[in-house]
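Engineer: Following this message is one structure expressed as structure tokens.
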Amino acid sequence: AQSVTQPDIHITVSEGASLELRCNYSYGATPYLFWYVQSPGQGLQLLLKYFSGDTLVQGIKGFEAEFKRSQSSFNLRKPSVHWSDAAEYFCAVGVRGNKLVFGAGTILRVKS
Amino acid sequence: DVKVTQSSRYLVKRTGEKVFLECVQDMDHENMFWYRQDPGLGLRLIYFSYDVKMKEKGDIPEGYSVSREKKERFSLILESASTNQTSMYLCASSLSDRGYEQYFGPGTRLTVT
């Protein structure tokens with residue numbers, strides 16, 4: 001069965017430092033992969049998506065993610081974190097019928 | 001901008017009550033979804049609708065039902081609320097040809113006592 005694993009429940013980084021959030025997926029076919037962000041008190045917002053082609057995808061707010069088929073990973077990165085990036089981040093895989101299977105989420109804390 | 005609104009941000013109900021959670025989207029999206037969000041479990045799909053009066057069970061439909069009488073509105077119904085249904089409920093919508101690009105409402109935090 002398809003699943004998504006986000007190994008880190010919490011991550012704390014200093015403002016201005018680089019960020020990498022890990023995501024591993026299990027899916028039989030070529031995956032459609034997504035990162036969503038949930039700011040405090042708000043719904044989820046799509047950060048970026050991978051369907052096919054270039055394995056490095058760019059998203060909004062300066063985020064990027066790299067698809068690595070050999071590692072079944074889709075890690076999210078940002079070169080310099082801002083205090084406003086503090087949020088919960090969800091990795092997801094698209095499955096049959098327009099549905100998403102989400103990971104458990106990673107809570108990002110930014111310290112000044 | 002797509003807007004998805006949910007009728008309540010916070011709701012407190014008693015065990016056994018019938019509970020209605022309402023969701024409205026204003027961008028003519030065909031697909032609508034109800035998720036439940038719990039710490040450490042991420043989002044889990046309860047029900048999905050791809051057209052008016054059409055619905056499909058998600059991963060955790062037990063104890064829930066849905067109604068979609070109009071394209072813009074998707075209701076989640078807890079027939080007899082129980083304490084284990086205390087959770088955050090998120091509604092989302094998407095276009096039929098971009099189904100994975102979902103737009104979410106702010107959520108309803110339901111407490112069942």
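Engineer: Answer with yes or no whether residue B:90 is of a type outside the set (Gly, Ala, Ser), buried (at least 17 other Cβ atoms within 10 Å of the Cβ) and in contact with a Lys or Arg (Cβ under 8 Å, 6 or more places away or on another chain).
Structural biologist: In short, yes.
Engineer: Turning to a different aspect of this structure: Residue under question is residue B:110, and the condition is that it be part of a strand (DSSP E or B), within 29 Å of residue A:33 (Cβ to Cβ), open to solvent by less than 80 Å² (accessible area, probe 1.4 Å) and at pLDDT 95 or above; does it hold?
Structural biologist: Here the answer is no, as residue B:110 does not meet what is asked.
Engineer: Ok, one more. Within the range B:86-101, which residues are in contact (Cβ under 8 Å) with a residue 12 or more places away in the chain and either among the aliphatic types (A, V, I, L, M) or within 7 Å of chain A (Cβ to nearest Cβ) (or both)?
Structural biologist: Residues satisfying the conditions are B:88, B:90, B:92, B:94, B:95, B:99.
Engineer: Of the residues A:53, A:41, which single one is free of Cβ contacts under 8 Å to residues at least 24 places away in the same chain, away from chain B (no Cβ under 12 Å) and surrounded by fewer than 19 Cβ atoms within 10 Å (Cβ to Cβ)?
Structural biologist: After ruling out the rest, the residue left standing is A:53.
Engineer: What about residue A:18, is it farther than 30 Å from residue B:4 by Cα, open to solvent by less than 20 Å² (accessible area, probe 1.4 Å) and either facing chain B (nearest Cβ under 10 Å) or polar (S, T, N, Q) (or both)?
Structural biologist: Criteria not met by residue A:18.
Engineer: Scanning for something within 14 Å of chain A (Cβ to nearest Cβ), among the polar types (S, T, N, Q) and in contact (Cβ under 8 Å) with a residue 24 or more places away in the chain, does the range B:60-77 turn up at least one residue?
Structural biologist: There is no residue in the range B:60-77 that is within 14 Å of chain A (Cβ to nearest Cβ), among the polar types (S, T, N, Q) and in contact (Cβ under 8 Å) with a residue 24 or more places away in the chain.
The values are calculated or read from the model by the stated rules, or taken from the named source; none is laboratory data. Remember, predicted model here, so these are calculated numbers, not experimental data. Glycine also receives a Cβ, built like all others from the backbone with ideal geometry; neighbour counts cover every protein chain displayed. Ligands, DNA and RNA are excluded from the accessible area calculation, which covers all protein heavy atoms including side chains. Shrake-Rupley method; radii C 1.70, N 1.55, O 1.52, S 1.80 Å.
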